[in-house]
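Below: one structure, written as structure tokens.
The values are calculated or read from the model by the stated rules, or taken from the named source; none is laboratory data. Bear in mind the structure is a predicted one, so any value in this text is a computation, not a measurement. Backbone-built Cβ (ideal geometry, glycine too); neighbour counts: all protein chains shown. For accessibility, only protein heavy atoms count, side chains too; no ligands or nucleic acids. Shrake-Rupley method; radii C 1.70, N 1.55, O 1.52, S 1.80 Å.
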Amino acid sequence: MSNTQFSATASGLDNVVAAETPLSHVDGEAGRLIIAGHDVEELASSHDFESAVALLWRTAGLDPAPSEADVRRDLGRARAEAFGLVPALLAATAGLSVTEGLRTGFSLLSDEGTLSPQIRAVGAAPVFVAALCRREEGKEAVAPEAGAGHAADFLRMLRGRPASEAEVTALNAYLVTVTDHGMNASTFTARVIASTRAGMISAIVGALCALKGPLHGGAPGPVLDMLDDIGTRENIDAWLVREIAKGERLMGFGHRVYKVRDPRADVFNKAVMLLTNGNERVRFARDVERAALAALKAAKPNQRLDTNMEYYTAVLLEALGIPRSAVTAVFGMARVAGWSAHVIEQERVGRLIRPQSRYIGTWPDDRAA
Ligand code: ACO
């Protein structure tokens, strides 16, 4: 076994600036997220998903600049087009999880066609996720409605019946909030792939692969598992202390950039409170959160660990009836907006991303000595 020592900060590219972008900015000390000139709290309450997508693509410099109406019309068309691929998707993904199914689904898309690849990818995501979720319940896929709103159409395709206005508002708040987030791992992946001129669809497939890990977008499912496993209020403290002592990470806490509370957690907390009027599950999640923050502080006094957005993503998406197996895919359904904007921008930059590594192995001259 090698005894080479890796530097944690070099291995994680901490504080390395990998791109210049007007798309989004994360201030980890202030707990502030700016997306295309808007504070995330304001964006989530003033935009629906389609208008946020148009904003991001315009900000990325897409030419011609799309209006909100263009994006609404073309997303409807793209959802209808994607429904034609559902039989091939289901045939190719038997036994795969919803997120892995979405990964295959993106791979079925072409960079060529009447609609742009970014519209095709953003439009296909809810159609594929809904069909994959329904397959898990032994149900037939439901066709999209081209004239419907993106969030409303997703919930209808998922359930086979229309969602309430409150549910559509809550899902829009979620989708808008997570459209983009600086140089996170999946966005960086998308930009690296785009920089080789491999094309939009390949960049999106790669980005989803990076998203699905539990240290990135795969955390909400385990957050819900944690809440279920804890089960009762009496069990909270003992459960948390035991898991931390075992060296386990508490899902939904800690962040590479945020050293204070992730502002997106508050947007989702507010949305789920409005949606459920603070039901027992939400109150329980809040109690677990409070106890987890105290337990982390006691166990790791030198680390600044706070709630990240995945904690309340889990609680909000559960309240919306999104199956646990699909929460990461629903994250991808929204983040594809940001990935595609970054790909558009990276293609404009036009320069291959090719960093260096520092060699810490044995030099041939030393071996000979
Ligand atoms: N629970 C317990 N300890 C933690 C946690 C956690 N959630 N997060 C970090 N730590 C500890 C580490 O064990 C380490 O402690 P040590 O020095 O005693 O070994 C210390 O804090 C530093 O950890 P790093 O791994 O260096 O921190 P990093 O910046 O790489 O971690 C990450 C960020 C991966 C998100 C981490 O906090 C984590 O694993 N959280 C849990 C998973 C999660 O919630 N993921 C979703 C992130 S949000 C998103 O991507 C959308």
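A few notes on this one:
- Per-residue extension of 0.36 nm, minus the Cα-Cα distance of Arg256 and Asp237, leaves a gain of 4.3 nm for this segment.
- With a Förster radius of 35 Å applied to the C-beta separation of Leu215 and Leu274, the computed FRET efficiency comes to 0.70.
- The heavy atoms of Ser97 present about 50 square angstrom of accessible area, all protein chains included, probe 1.4 Å.
- In the range 220-319, the convex hull through the Cα atoms has an average projected area of 5.8 nm², a quarter of its surface area.
- Estimated [θ] at 222 nm from DSSP helical runs (n ≥ 4, -39500 (n - 2.57)) normalised by residues in the chain, nearest 500: -18000 deg cm²/dmol
- Leu75 sits among other residues whose Cβ lies under 14 Å from its own Cβ, and their net charge, with Lys and Arg +1 and Asp and Glu -1, is -3.
- If R0 is taken as 30 Å, the Cβ-Cβ distance between Lys246 and Leu13 corresponds to a FRET efficiency of 0.55.
- Low-density loop positions, chymotrypsin sites (Phe, Trp or Tyr not before Pro), the range 1-63 - DSSP coil, at most 15 other Cβ in 10 Å: Phe6
- Extension reserve of the Ser325-Thr196 stretch, reckoned as 0.36 nm per residue once the Cα distance is removed: 43.2 nm
- Förster radius 45 Å - calculated FRET efficiency between Glu137 and Gln5, Cβ distance, rounded to 0.05: 0.35
- Gain on full stretching of the segment that runs from Ser357 to His25 - 0.36 nm per residue minus C-alpha separation: 116.9 nm
- Counting only heavy atoms of the protein chains and using a 1.4 Å probe, Lys139 has close to 100 Å² of accessible surface.
- Extending 7 Å from the Cα toward the beta-carbon at both Arg304 and Glu145 defines two label points whose distance is 4.7 nm.
- Calculated over the chain: convex hull of Cα atoms, volume per residue (Å³): 166 Å³
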